Amino acid sequence: MPYRTIPEPPAQKDMIEALRTILAHAEAGTITGIAIACVMKRNRYITDVRGYCLTHPTFTRGVIMSLGDELGALMHQTDPDETR
């Protein structure tokens, strides 16, 4: 089976816009906690937990599992024969 190109990651400007939106909500006080996972070059990554997410880890794990469900749904939308 021939290999297929994996889709390119989101454009950097889209990620920057998402971060600006998060920052604006944090400055306005509507975001009370954050749990992040950021992927860097060479498959390195950063994780961190702050605010409400740090003081309420059980709730935060549920939120993260919801994100996991969304990622799983995205995986199921891909071609099952595609190289991953």
note = With x for Gly and Pro, the residue-by-residue ³J(HN,Hα) of the stretch 66-71, computed from phi through the Karplus equation 6.51 cos²θ - 1.76 cosθ + 1.60 at θ = phi - 60° and given in whole Hz, is 4, 4, x, 4, 5, 5
Shape of the stretch 12-76, Cα gyration tensor, a/c cut at 1.5 = oblate
query = Between G33 and residues 5 or more places away or on another chain, which pairs have amide H atoms under 5 Å apart, with H built 1.01 Å from N, and which residues are they?
reply = Y52, C53
Order by protection proxy (mean Cβ within 10 Å, highest first), peptides 69-75, 56-62 = 56-62, 69-75
remark   = So the FRET efficiency between T21 and T78, C-beta based with R0 = 22 Å and rounded to 0.05, is 0.25
ask   = At what distance in nm do the modelled label points of F59 and K13 sit from each other, each positioned 7 Å from its Cα along Cα→Cβ?
value = 3.7
ask   = Relative contact order (percent) for the stretch 12-76, with alpha-carbon contacts under 8 angstrom and 6 or more residues of separation?
value = 21
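Each reported figure results from applying straightforward, stated rules to the coordinates on display, with no laboratory input. Keep in mind it's a predicted model, so treat the numbers as computed, not measured. Don't worry about glycine lacking a Cβ; one is built from the backbone with ideal geometry, like all the others, and counts go over all protein chains shown.
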